[in-house]
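One structure is given here, and the rest of the page talks about it.
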Amino acid sequence: MRLAELQRRMAGAILSGDDDAMPPLAPGPIPAAAAIDVHRGTVMGALVNALRLTFPTVDELVGQAFFDQMAAAFVAVQPPRLARLSAYGALFPDFIEAYPLAATLPYLADVARLDLAVSVALAMPDAGPRRHVTLDAAVSLALPISLNVLSLGHAADLIRAGLEADDDQALAQIDLSPQTRLVAVWRTGRHAAVLALSPPAGLFLAAILKGADADTALAAAFSVAAPPAALQAIHAEVFAAAFAQITQTHLEIETR
Amino acid sequence: MHATGLSLGSADGLDDEHLADIAELCRRIEPGLVSDHLSWSAAGGLHLPDLLPLPYSEEALAVVARNVDQVQTALGRQILIENPSIYLAFADSDLSEAGFLGELVRVSGCGVLLDINNVVVTAGNLGEAPADRLAALLDHVPAAAIGEIHLAGHAIRLLDDGTPLRIDDHGSPVGPETWSLFETVIRRLGPRPTLIEWDTDIPAFDVLHAEAATAQSILDQAAWEPTHATG
């Protein structure tokens, strides 16, 4: 048997649980099933733990046993296709959204999306070059390259904050009903910052990060708030935010 | 710098992006030694986080030699290849592990990272005497090519029929047989950079320190008795 076929068959047997799919083995003191099970245990354990490291808030919410079961179900349909183990799980939030056993936790997929964004931010460089965004001739912003804006369908940021603070009272008061939450995530040293933004500030920043010009970004903000209120929110939550540096200080944005 | 995911035995070749990441890390930290395993983890576009065994065949030797050459070219340096812990053997193997590693050293110019715990685990699982398996490795691999040694403990699970299955879990003290083989190796080769791997169920620092001190005493003894082979 050619090596490529042997390796495909063994990889398939490990992931599928079908020992009969293994290539021919030499006889030995260890039964084939026990030997294959060592590799299967190593692979599944490493993948489930990789997901647990990327999605700690999901793990804390549902508990280890449920997480392990859900993660194993994910591995079965989305085995890793990248060599970098820390990058595994990009599709886990969408899987959770459709996972029948998690249907009673409709916010869980958004919690996973926030966990993933935090993990992605933490994998980005902290210091070093920033993303420079020229808004117009007078204003330019320097933003961390780890900065991202998420649009969530539930208050996943409040759930994460409540669990991190171990604040049962705050957790009990969270509105778990569907709602749009715009959340900025960026890396600060060894941690990731998570900050809820108002709709105009969030839409403005999201548009800027996608490469929109200032007029387009402002139009997005003005679509959800009157211009004076939108501008006030942008000033307070973007220009004065901890993550932003204004590199030209003649700040004038016309209301259009 | 000890890699686990280059998948040097993959018939499909190496992941160029991952190799570039490893090369960049190597440039940044300038490690004294760079190593990975005689194993594979990627096939058919899937990546399994494990050190999966190879059949020791001429085709596999050509594949590993090609991949090792690609890594050494990308890194601009020699790498060391570690003998893995093995739980099963393929019917298609027609070389010994020792013969495979020795030939790999000859054709690729790589070195060897000799994991003595893996020798004990593999020998136990394949029904061989650890001392014989180690002797074969030392006979086939030039002494000068062995650039580093790993030590570790392993778990033993008794199967239903009482057969011991040895599992390389790095979660216990180095076993007496491994220490004994380490002394044999050091007496024959002389001191080598030695690492004790204990990364699950990590004990108190004084336990780890005592393990390191035991290894150091064996290395120190060899340093005072330079009767080892040099070639």
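Structure summary
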item: Region A:70-125 and region B:157-190: distance between their alpha carbon centers, rounded to Å; result: 38
item: Residue-averaged 222 nm ellipticity for chain A, from DSSP H runs of 4+ at -39500 (n - 2.57), nearest 500; result: -14500 deg cm²/dmol
item: Amide hydrogen neighbours beyond the local backbone of residue A:225, cut-off 5 Å, H modeled; result: none
item: Förster radius 25 Å - calculated FRET efficiency between residue A:245 and residue A:164 (Cβ-Cβ, nearest 0.05); result: 0.40
item: Zero-based 5 Å bins, Cα pair distances in region B:16-223, whole percents; result: 1, 7, 14, 18, 20, 18, 13, 7, 2, 0, 0
item: For residues of B:57-64, the mean tally of beta carbons on other chains within 10 Å; result: 2
item: Amide H contacts under 5 Å for residue B:79, placed H, 5+ residues apart; result: B:111
item: Under-5 Å amide H pairs with residue A:197, H placed in peptide plane, nonlocal only; result: A:182, A:183, A:184
item: HN-Hα J in Hz across region A:142-154 - Karplus 6.51, -1.76, 1.60, θ = phi - 60°, x for Gly and Pro; result: 10, 10, x, 6, 7, 5, 9, 10, 9, 10, 10, x, 9
item: Computed lengthening from residue A:98 to residue A:26, 0.36 nm per intervening residue step minus Cα-Cα distance; result: 21.6 nm
item: Ranked order, A:8, B:187, A:130 - accessible area, probe 1.4 Å, largest first; result: B:187, A:8, A:130
item: Estimated FRET transfer efficiency when R0 is 25 angstrom, pair residue B:62-residue B:27 (beta carbons, to 0.05); result: 0.30
item: Relative packing of A:209-222, B:117-130, which averages over residues the other C-beta atoms within 10 Å, highest first; result: B:117-130, A:209-222
item: Equivalent ellipsoid semi-axes - Cα gyration tensor, the protein assembly as shown, angstrom; result: 51, 26, 21
item: Alpha-carbon centroids, region A:38-58 and region A:190-217: separation in whole Å; result: 33
item: Helix A:108-122 vs. chain A, principal-axis angle (Cα, 0 to 90°, nearest 10); result: 80
item: Neighbour count of at most 11 Cβ within 10 Å plus DSSP loop: longest GluC sites (Glu not before Pro)-free window in chain A; result: A:1-251
item: Rounded to 10°, Cα long-axis angle of helix A:64-77 versus longest principal axis of chain A; result: 80
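The values are calculated or read from the model by the stated rules, or taken from the named source; none is laboratory data. Just so we're clear, the structure is a prediction, and the values are computed from it rather than from any experiment. Note that we place each Cβ from the backbone using ideal geometry, even for glycine, and neighbour counts take in every protein chain shown. What goes into the accessible areas is simple: the full protein's heavy atoms, side chains included, and nothing from ligands, DNA or RNA. Shrake-Rupley method; radii C 1.70, N 1.55, O 1.52, S 1.80 Å.
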